[in-house]
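The next block holds one structure in the form of C-alpha cells; read it before the comments.
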Amino acid sequence: CSESDLGPISLNWFEELSAEAPP
Amino acid sequence: DVVEQLIPLLPDGPREESLQFVSELKDPSCPCAVDVSTVWWAAAGRRELRVVTASESSVSLWEPLAPDCWGKVHTWHLREIPVIQIVPLPDTCNIVCVALGELEIGEIRLLLYSSETDSFKHSLVKTGNIKAVVGLKDRRLVSSSRTMQEQQLEMVSLSETGGSKDRQTLMPPEETVTAFAEVEGMREALVGTTAGNSVVIWNLKTGQLLRKMDVGYSYPASICHRAYSDSGLLFVVLSHPHAKESESCGSPAFRVVAFNPRTGRSTGVMFSCLPPGRAGRYLEGDVWDTAGAAVLTSGAVAVWDLLQGRCTAVLPPGPAGHWALARWAATGAVLLAGHRNGTVRLYR
C-alpha cells in the first residue's frame with residue numbers, strides 16, 4: 001500500500017496519538 | 001482412516017504443507033466439550049506445555065505422559081455457572097483463566113495450583129455482563145462489560161497467586177466492544193473491534209482511547225484476533241463470521257488489514273477465503289502468528305497462511321463426527337482440534 005492511499009505515516013504514531021488524545 | 005485425515009483435501013493445488021497427527025486425548029467423563037487450550041505449567045523443576053479442556057461444568061488439566069499419551073492431572077468442578085470459554089493468558093505459568101455464564105459471560109475465574117496449601121483452587125476476578133475478554137502478556141486481563149447505562153472497560157493485573165494487584169479503567173467507545181487483541185511488541189497498546197465495525201486503539205497505561213477507525217461495511221461484525229505495528233502501520237487480523245459469499249473472492253474467513261493510525265485510513269492487505277468447493281462458512285477460529293485455523297459449518301477444520309491468503313490444509317470431519325473447536329497451542333505450530341464428545345487431536 002502506498003502513502004498516498006493511507007496518508008502520511010509516522011513511526012511514532014502511538015506516542016503522538018497519546019499526546020493528542022484527551023486524558 | 002488415519003492417512004486420509006492427514007492428507008489435506010485441496011482440490012486445486014499442490015499439497016505443500018499438511019497437518020501431521022501427533023497425539024489424541026479423550027475425556028470419557030466429558031459430556032459436551034466447550035473449549036480447549038494450552039497452558040504453561042511448572043512442576044518438579046521443569047516447565048511444560050499442558051492441555052486444558054473445558055466442559056460446561058468442569059475444566060481439566062492434562063500432562064504429557066509419553067510422546068503420544070496424555071494423562072489428566074486435575075479437574076476443577078464448576079457446577080454453579082456453566083463454563084463458556086477458556087481465556088488464554090500468554091506467557092503465564094500455572095494459571096488457567098475461564099469465563100463462565102449463561103448466554104453471555106457473567107464471571108471470570110482463575111484456576112490454579114497453590115504450592116502453599118498444596119492444593120488446586122479457584123478465585124473470582126470479575127463479575128458483570130461481560131461482552132469480551134482477552135488475556136495479555138505479563139498476567140493482565142482486559143474485559144468489556146455493559147450496564148443498562150454504560151459500557152465499562154477494565155484491565156486487571158493479576159498476582160502470581162491469582163489475586164488482582166491493580167485495576168485500570170479504559171475509556172469506552174460509544175459502540176460495544178466485541179473483541180480485543182494486544183499489539184505485539186507494544187506493551188501499552190491494545191486494539192479492539194466494535195459492534196459498529198470499527199477498530200479502536202487504547203493506551204493501556206493511561207486508559208486513553210487513541211483512535212477509532214472504520215473497517216468498512218462490506219464485512220460486518222469483524223472480530224480482531226491479532227495486531228502488530230510495522231513501519232508506522234497497524235496490521236490487524238480480522239475474522240468475519242457473518243460475511244456473505246461474493247463472486248469475486250468467495251467466502252472470506254480472515255482478512256489482514258493495514259491501518260494508518262495517524263489518519264485512520266485503511267487498506268486490505270490479504271484475504272483468506274474458504275477453500276473452493278467446500279460448502280458452508282466460517283464458524284469460529286484462532287490465529288497464531290501468520291497461521292489461521294477455523295471450524296467451518298461443514299464440520300471441517302481449515303488452516304490458512306494468512307499472509308499468502310492460501311488455505312494450506314483441511315481436516316475433514318472424521319469418524320467421530322464434525323469438528324467443533326480449532327485452537328493453536330501457545331507455542332504455535334501445533335493445532336488442537338476438538339470434537340464435542342471431548343476428543344482432542346493434536347496436529348503439527
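The values are calculated or read from the model by the stated rules, or taken from the named source; none is laboratory data. This one's a predicted model, so the numbers in the text were calculated from it and none came from an experiment. Counting neighbours? That spans all protein chains shown, and the Cβs are built from the backbone with ideal geometry, glycine included.
Listed by position, the strands (runs of 3 or more DSSP E) enclosed by the stretch B:155-250 that each have at least 3 residues that are of a type in the set (Val, Ile, Thr) and buried (at least 20 other Cβ atoms within 10 Å of the Cβ) are B:189-194, B:198-203. Only residues in the stretch B:19-34 that are on the phi < 0 side of the Ramachandran plot count as the first member; pair them with residues that are of a type in the set (Asp, Glu), Cβ under 8 angstrom, at least 6 apart or cross-chain, and list the lot. Here the result reads B:Val22/B:Asp68; B:Ser23/B:Asp68; B:Glu24/B:Asp68; B:Pro31/B:Glu56; B:Cys32/B:Glu56; B:Ala33/B:Asp27; B:Val34/B:Glu56, each pair linking the stretch B:19-34 to a residue that is of a type in the set (Asp, Glu). Please verify whether the stretch B:269-286 includes one or more residues that are within 14 Å of chain A (Cβ to nearest Cβ) and among the aliphatic types (A, V, I, L, M). The answer is yes, given that some residue of the stretch B:269-286 is within 14 Å of chain A (Cβ to nearest Cβ) and among the aliphatic types (A, V, I, L, M).
Looking only at the stretch B:276-287, decide whether some residue is buried (at least 21 other Cβ atoms within 10 Å of the Cβ) and over 19 Å from the mean Cα position of the chain (by Cα). Yes, the conditions are met somewhere in the stretch B:276-287. Return yes or no: is B:Ala66 under 21 Å from B:Thr161 (Cβ atoms) and modelled with pLDDT under 90? Spelling it out, it is not the case that B:Ala66 is under 21 Å from B:Thr161 (Cβ atoms) and modelled with pLDDT under 90.
Restricting the stretch B:173-189 to residues that are farther than 20 Å from B:Ile108 by Cα and either touching a strand residue (DSSP E or B) at 6+ places or on another chain (Cβ under 7 Å) or among the aliphatic types (A, V, I, L, M) (or both), which is farthest from the other protein chains (Cβ to nearest Cβ)? Only one residue fits best here, namely B:Glu175.
Taking chain A as the range and being part of a helix (DSSP H, G or I) and either more than 7 Å from chain B (Cβ to nearest Cβ) or modelled with pLDDT of 95 or more (or both) as the test, the residues that pass are A:Glu3, A:Ser4, A:Trp13, A:Phe14, A:Glu15, A:Glu16, A:Leu17, A:Ser18, A:Ala19, A:Glu20.
Of everything in the stretch B:301-316 that's under 14 Å from B:Tyr347 (Cα atoms) and aliphatic (A, V, I, L, M), which residue is surrounded by the fewest Cβ atoms within 10 Å (Cβ to Cβ)? The selected residue is B:Val314.
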